[in-house]
Each structure stands twice: as C-alpha cells, then as structure tokens.
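Input: a single structure, listed below in structure tokens.
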Number of protein chains: 2
Amino acid sequence: MTNEPTGLPPRSGLAGHWSLDPGVVFLNHGSFGACPIRVLETQNEFRARLEAEPVRFFIRELPELLDTARLKLAAFLRADPEGLAFVANATTGVNTALAAIPLAACDEILVTDHGYAACRNAVEVAARRTGARVVEVPLPFPLAAPERVTEAVVRGLSQHTRAAVVDHVTSPTGLVFPINEIAAELENRGVILIVDGAHAPGMIDLDLTGIGAPFYTGNCHKWMCAPKGAAFLAVRDDWRARTHPLVTSHGAAAPLVDRSRFRLEFDWTGTGDPTPWLTVPSAVETVGALDPGGWPGVRSRNRRLALEAMAHLCSVLGFQQPCPDGMIGSLAAIPLPPRTDDNRRSNPDIDPLQERLFRDFSIEVPVTLWSVPPRRALRISAHLYNAIEEFRYLGVGLAASACG
Amino acid sequence: MTNEPTGLPPRSGLAGHWSLDPGVVFLNHGSFGACPIRVLETQNEFRARLEAEPVRFFIRELPELLDTARLKLAAFLRADPEGLAFVANATTGVNTALAAIPLAACDEILVTDHGYAACRNAVEVAARRTGARVVEVPLPFPLAAPERVTEAVVRGLSQHTRAAVVDHVTSPTGLVFPINEIAAELENRGVILIVDGAHAPGMIDLDLTGIGAPFYTGNCHKWMCAPKGAAFLAVRDDWRARTHPLVTSHGAAAPLVDRSRFRLEFDWTGTGDPTPWLTVPSAVETVGALDPGGWPGVRSRNRRLALEAMAHLCSVLGFQQPCPDGMIGSLAAIPLPPRTDDNRRSNPDIDPLQERLFRDFSIEVPVTLWSVPPRRALRISAHLYNAIEEFRYLGVGLAASACG
C-alpha cells in the first residue's frame, strides 16, 4: 500500500508506477486513461530523439518506427497490421469510417441509446450530409443478459439499414456488448458495422480478426495506458481501398513502392507528434509486466476489482446490480435517480453529485448521462493503481451525499 | 560560438538553446522546425500536470488554458481570437478550409505551381469529390518582382473561379508572396482565398486581420519554434458558422453558454495531447527573448543570414540570385539543374545530392521539387542557431559534389 494524505484511503501497491496525484481518489480511468511513469519516460526518449534531428527522425526513421509499433499493436489486438491505421482517438476513428461508407438519402444508420455522445454527433452529421436517417435502438438498463442487446439491434434493422455504429464497451453504462454475435448478425444482413471499441483494448481480450467487422476503432490511451493521442482504426481488407484519413497529405499521390496507399495516407497527415503511437509497445510491455499473469492477469485483476466495487456500491445505495457479471470488464455503472432540472443528452456541466464528491471527498468519479430524457449513472473504473478501500470510501461519500 | 565535433563549422552562440545534434549541420529548419529546450520543458510541465490528474486537466482546466494560449497567439498574429482554431498542422488547416467551401461541378479552384504538394493533393481530392476543376497557374522562377505573382494569379482567374489556395511563403522555392495584394484582388472578384501560411508565423511580421482572407492557416512549430503539432486556422467572421473541424465530437451538440459553436467544436476533437497548443505562448516568449530586438530582431537576424547565405551559395554555384531580396524571409532556394531520371511532382525518395551532403558532410539540407516536369532547388533555412560558417561549409560540400 502507498501512503496517502491524511483521510484518504490507500491505493494499491502498484500506484507508485503512475504519477497520479495522491491527493485525489482517482476512480475515473475510463474518461482519459492514465499513463505509467515508465511509459511517459519512453515517450520522452522518442521526443528527445525527434528534437535532436527532426528531419532524420521524420524522413529517415519514422516509417520503420511506425511499422514496429503497428506490428506490436496488431499482435496485441489480433488484427491484420496491413489494415491498422494509427489515429488520435476513437472519435476520429468513427468519423473516418463514416466518411468511407457511401450513404444515400434513403439509407438508415443504426445506433443504440448507450452510444458515446460525440460519436452520435458524428453519425448525425454524416446523416445530414447525405440525407440518411439515424435510427436509435433503445436498450434496457438494468439489462438481464447480453442476448437482449443483439436482439434489440436486430429488431432495429430495416431493409434500409446501410450501416451501424455499435460500442464494444459502452461509455455511459460500462457494458460489454456481445460484439461477435452482433457483428455476425449484421454481416449476414449486409449491414456495414463500425465498432466503437474506445474502451476495449486493454480491458477485453481482443481478437479483431475474429470479430471480423469492416471497421473497428479503439483507444490505446485508455485501458492500455499509452500516452494521450494513441488510438487505431482497423479496416477490413475489402474496405481499405475506399478508406482515407480525414486529412489528405503527401500519401495520396506518393508512388507505391513498398507500402500500400492505405499505409502511405494514414502514416502521414502532416507534421505532428507521432510519439504517442510509437510508445504503444512500451505500454503493452510495461503494464503487462505489472501483474505476474501478464495482460490476462491485468485484465482479470481489474475486472475482479470492478465487480467487487460495484457489488459494494449497489449494496450501499440499495440497488440491484444492473447487469450480469459477464457484461462487466473494468468499468461499471450504478444507476442513479434522474436529474429533474435538465434533459440534454450531452451536458457539459459537471453533475452536482460529481462536483460534491470531488469537492468534499477529493474523489474523481463521473456521473454519466445517456438516452433522452437522460438517464443517469455513477460510473466507476478499476485499474491496477486502485484498491477496494477507495471504492469503500466512495461508498461513504455517496452515503453522505444525496444522490440527486 | 559553440564547440562542434571536429571538422564541422561552428553554429551560432544561441545554438545551446536547442537540443539539436551538434554532429549535424542543420540547415533545414523549414521542414519541421526545431523547438528550444526551454519550450520543451514548458511542454513537459503541462504534460506532468495532465498526467497527475487527467480529468481535472481536461474537464476543469483545459478550456481556460486554451483561451490563454489562443489570446497570446492571436496577439502575435494580429488575428481575431474568436476565429482562431488550433489544429495539428497547416495541411489540416487547408483540408478543413476546403471542406467548408461549397464547391460545384463547374467551379474552378486556383493554385500555383509553387504550392505545397500535400495541399495540392487535398485540393485535387476536394475537386474530385465535387466535380470542380483544379487550375494551376505557372509562375516563373527565377522571379523578377512580387508583382509577377499577383499578375499571374489574376490572369489565372475565370468566371468559374470559386476558390484559390495560395501560399504566403512557398515551400519548394522559399518565396514570400505579396499576399495582401493577392488577397485584395481575389476579394474584389469574389474568389474565396485560403492562404497556406505554413512558413509565415515567426518569419513574417503577420497581420491576419489586415490580410483579411476568409481562411489563413499556419504552423507554430516551424518558425515560431513551438512543439510539433501546434498550428492554427484563422477563419474570417463571415465563414465561421460553416467551418467545422474534420472530426465531429461533443462540441457539435453542446449547448452554447459562454462559447461559440466554432470554439466548442475546434477546442475538442477527442482526447489527444493539447500541450503543443498550450506551449505556444512559451515559444513566443522564449524565442522572442533570444534577440535584444525581440521578435522583430529575430526575424531580421534570420533574414539577414538567409540573404547572406543565398548570395554566397549563388556565387559558389555560379547562379544569379533567383528573386529580389524583398521576396526572401528566412528560407531561400537556389535553383539546381533538373534531374533527368524522374518526373514526379512529389518524390518520396531523398534526392541523391541531398543524400550525399548528409552522408559525406553531415549537412541536413533539402533538395525540393515543384511543377511538372519537376524543377529542382536547394532550399536553405536560417534560424537563430545557425551561423554563416555553416553555409560556407555547405558551399564547400556543393563544390565537391556534382549538383546533378
């Protein structure tokens, strides 16, 4: 256990591997992730190398460095490296995939009401641009079984459904969706699936080739603990020729020598800082080494803690657990009573309960909103630096705060 | 003077402010810039703050930090902060502006043959998407006077010209274009101007409000010496409502409280590393403090060195200076004989002369290509860390190498 400022609960013995402020009980890995000190040091080494000779770095060294990072990531995701593009974040991945899909005026794009608000906006913009229509499938929460999700998605299809954007792990409600089954159902019906796997890498044992979706995007900076700005879009081979980055640069016209057009275009979208991408292998190695069981051990440790924390908080709040254990990874959402003062899906204001927990208890934990009228939940995250004592302390904070 | 490895010429006394490899004669600031140690340290402080509590940083602190950085940048550029969006690079700026302009099948987009190849690709893609036509204006080089550029651009217009993408400082040929005059001519004729000012900030005393173009994009990571990934797109007030980032995220639907839709959309395009943008004020202060004359002193020192270096190299190579002094900032291109083995506009291979200078003389200086069939130049850059001795050494290297 690491010593904490007076009054705060102990974190796990692994917390010292992160530079997280010990004065905050950090139960929100989900929003932006958190990067271990050693991974940040590796990134700093890449940055120092870049700054020592920017031209050598970008022109002579970067293509091979990107290939190395991509191979390591592809192995971690069980994905085809040829279709793996680095992007800044999963939102960019969803936008990029939407731009690749030809949509016409009578087409429908299916989404669920547990989808991420930013990506929902991207779907709305794509629909407005093309005249397509967004069809939102409502899902129950609490949710009795993963099959309910697949059934609801299939029921939402029509002969006009052209594409679907479905989460692998939902952002507001922390549910692991049965993505293999959903992908198979949509594939059978000729619906183009974009999987928003923002939270999946590092939380779920991924097999992107097995899922087989045309598009799968995910963040490396969340549960894999890479630096901010590390994410990917995996594109199935039959979609690569028509998938382009949102920024056109040199790769669009460069001659094809030893690299595909896909790779030439995605690997260079103008000068930027590529070190988050290059540091992905360090995140895979560093975090995987923190548990004797490697990444399977990391995932199962985080999941056990999330389940234990959810059970405890449900009991404190007098709620039933809102989903079966099998739908939980390392995020979990506990339903809260709705707010009566606001009915927006995406509320930029911090929820009063979230603000109170931060101000009075130094707890960073989000209150999430989804659906219209908005439903509301407290979403907890468990990563290696967390300990059950922190969630018990959250329970104390919740008991002391009205939940409204 | 800073001591250098045996055989290499001395750099300027200011070179110690950069972490550039002293084993390389770095005469290519233009391609990717170079960031002073102190600016990188400031960026590291922002990163440490981010990693100590990512949620506090992104949710509670970032909007105000971005406002502060934007105000400082707006003052430096004499731009309206309300229309100033941070982007990763000028290529992204050009792509974003192109997406905002409604183009139809009979429209023409004017470009010059000295334009940046990546942005030319973006124009081609925008034209292909909409059925518009790209009209390339050829410019002479050597070039007798800036008026020749304005005249050529105006001659290239037709009743179908809808938009123009024109550089402020050309990438392959290092020429400062008379952008105020060009902007006025295009404005009078109702042509929508996108200025690619990739190289201008920090090289030219900018007054974006005075230029008055609908769109002006520039990099902060080049001549301002900010970290990689710091750039801007300045959008005139009448174009802001229809200009959106290429990535749709939360801002598209967030309620307007104290921020415009433009700002909400551009300030958040998914999780990434915003520290290059936040570090722009440090670059303005740090580099401006390295010359007793502040930024005007920095600019004129760099320009004097570029002019002296160009004069010296032209004399070594037996060429006339290819343009009047008034068209030189801190980049300069010396024409070379064309290559006979290749006729591509954008050649990803490193030119044999560039390779020889790097391998045999440890000189980093680019050979640029433009137009079709490709013309060829040696492009030098002068920044505070450079000394005239480095360019004399380049002259020795050139004399020893065939220029073909």
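The values are calculated or read from the model by the stated rules, or taken from the named source; none is laboratory data. Quantities reported herein were computed from a predicted structural model and do not represent experimental measurements. Because the Cβ atoms are built from the backbone with ideal geometry, glycine has one as well, and the counts that use them run over all protein chains shown. With ligands, DNA and RNA removed, areas are computed over all heavy atoms of the protein, side chains included. Shrake-Rupley method; radii C 1.70, N 1.55, O 1.52, S 1.80 Å.
So here's what we get for this one:
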{"item": "Breaking point among (1) within 14 Å of chain B (Cβ to nearest Cβ); (2) in contact with a His (Cβ under 8 Å, 6 or more places away or on another chain); (3) part of a helix (DSSP H, G or I), for A:THR271", "result": "(3)"}
{"item": "Hits in region A:196-222 (condition: among the aliphatic types (A, V, I, L, M) and touching a Gly at 6+ places or on another chain (Cβ under 8 Å))", "result": "A:ALA198, A:ALA200, A:MET203, A:ILE204, A:LEU206"}
{"item": "Qualifying residue in region B:111-118 (condition: closer than 30 Å to B:THR271 by Cβ, within 14 Å of chain A (Cβ to nearest Cβ) and part of a loop (DSSP other than H, G, I, E, B))", "result": "yes"}
{"item": "Filter pass, B:LEU278 being over 22 Å from A:LEU246 (Cα atoms), crowded, with 24+ Cβ neighbours inside 10 Å, more than 18 Å from the chain's Cα centre (by Cα) and away from chain A (no Cβ under 12 Å)", "result": "yes"}
{"item": "Evaluation of B:THR92 against (1) part of a helix (DSSP H, G or I); (2) closer than 28 Å to B:THR170 by Cβ; (3) in contact with a helix residue (DSSP H, G or I) (Cβ under 6 Å, 6 or more places away or on another chain); (4) not aliphatic (A, V, I, L, M) (one fails), failing number", "result": "(3)"}
{"item": "Test: residue in region B:244-257 that is away from chain A (no Cβ under 14 Å), open to solvent by less than 20 Å² (accessible area, probe 1.4 Å) and either in a strand (DSSP E or B) or among the hydroxyl-bearing types (Ser, Thr, Tyr) (or both)", "result": "no"}
{"item": "Selected residue [closer than 22 Å to B:THR271 by Cα and hydrophobic (A, V, I, L, M, F, W, C)] from B:LEU71, B:LEU27, B:LEU66", "result": "B:LEU66"}
{"item": "Residue check for A:ASP291: at negative phi and within 14 Å of chain B (Cβ to nearest Cβ)", "result": "no"}
{"item": "Region B:131-142, subset open to solvent by less than 50 Å² (accessible area, probe 1.4 Å) and at pLDDT 95 or above, residue farthest from B:THR96 (Cα to Cα)", "result": "B:LEU139"}
{"item": "Restricting region A:11-58 to residues that are more than 10 Å from chain B (Cβ to nearest Cβ) and open to solvent by 40 Å² or more (accessible area, probe 1.4 Å), the residue that is farthest from A:LEU357 (Cα to Cα)", "result": "A:GLU45"}
{"item": "Strands (runs of 3 or more DSSP E) completely within region A:325-383 that count 3 or more residues being at pLDDT 90 or above and under 20 Å from B:PHE57 (Cα atoms)", "result": "A:375-381"}
{"item": "Residue count, region A:291-315 (criterion: in a helix (DSSP H, G or I), over 13 Å from A:ALA387 (Cβ atoms), in contact (Cβ under 8 Å) with a residue 24 or more places away in the chain and out of contact with any Ser or Thr (no Cβ under 6 Å at 6 or more places or on another chain))", "result": "7"}
{"item": "Scope region A:217-263; condition of a type in the set (Val, Ile, Thr) and in contact with a Pro (Cβ under 8 Å, 6 or more places away or on another chain); matching residues", "result": "A:VAL235, A:VAL257"}
{"item": "Selection status of B:VAL149, in a strand (DSSP E or B) and either touching a residue at least 40 places away in the same chain (Cβ under 8 Å) or open to solvent by less than 50 Å² (accessible area, probe 1.4 Å) (or both)", "result": "no"}
{"item": "Residue check, A:ALA311 touching a helix residue (DSSP H, G or I) at 6+ places or on another chain (Cβ under 9 Å) and not assigned by TED's automatic domain parsing to the domain that holds A:PHE57", "result": "no"}
{"item": "Residue within region A:58-78 that is of a type outside the set (Lys, Arg) and outside any helix (DSSP H, G or I) present", "result": "no"}
{"item": "Test result for B:CYS119, under 26 Å from A:HIS244 (Cβ atoms), touching a His at 6+ places or on another chain (Cβ under 6 Å) and assigned by TED's automatic domain parsing to the domain that holds B:HIS244", "result": "no"}
{"item": "Residue tally, condition more than 14 Å from every other protein chain (Cβ to nearest Cβ), open to solvent by 10 Å² or more (accessible area, probe 1.4 Å) and either touching a His at 6+ places or on another chain (Cβ under 9 Å) or not in a loop (DSSP other than H, G, I, E, B) (or both), over region B:97-110", "result": "3"}
{"item": "Test: A:ARG299 is basic (Lys, Arg) and surrounded by fewer than 17 Cβ atoms within 10 Å (Cβ to Cβ)", "result": "no"}
{"item": "Pick from region B:59-87, criterion open to solvent by 50 Å² or more (accessible area, probe 1.4 Å) and hydrophobic (A, V, I, L, M, F, W, C), ranking: farthest from the other protein chains (Cβ to nearest Cβ)", "result": "B:ALA75"}
{"item": "Hey, A:THR92 at pLDDT 95 or above, among the polar types (S, T, N, Q) and surrounded by fewer than 24 Cβ atoms within 10 Å (Cβ to Cβ) or not", "result": "no"}
